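S.K.: Structure in structure tokens, see below.
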Amino acid sequence: MNNDGNDYIRISRRMALSGAAFALGSAAIAAAVSQAAAQQKISQADAKYQGTPKGNLHCDGCVNFQPPNACKFVQGDISPNGWCQLFAPRS
Ligand code: SF4
């Protein structure tokens, strides 16, 4: 019998490595979930989106507008001439 403690060390390293891999996997999953949550958009109805400007305010002048027809925060097709209550003017 040759039990000089190497098996214990090998097992401990393996467990530590698998624990580290688990921790990395968990971090990656958490990051993906966080990113997905951040990328969720609200409905046009919830944003009170309308396809027409509100006075001089329109999506084309909003920091959230993503040409040609999208918005960072509102779902679906967004007209450059639309508007919603999340409007934030470009500076
Ligand atoms: S006003 Fe701004 S936040 Fe609202 S839909 Fe248009 S681009 Fe998006």
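S.K.: Taking the range 49-70, which residues are assigned to a loop (DSSP other than H, G, I, E, B) and near the ligand (Cβ under 9 Å from one of its atoms)?
M.R.: Tyr49, His58, Val63, Asn64
S.K.: Determine whether the range 37-47 contains at least one residue that is under 16 Å from Ala88 (Cα atoms), loosely packed, with under 13 Cβ neighbours inside 10 Å and modelled with pLDDT of 95 or more.
M.R.: no
The values are calculated or read from the model by the stated rules, or taken from the named source; none is laboratory data. Remember, predicted model here, so these are calculated numbers, not experimental data. In this analysis, Cβ positions are derived from the backbone assuming ideal geometry, glycine residues included, and neighbour counts consider all displayed protein chains.
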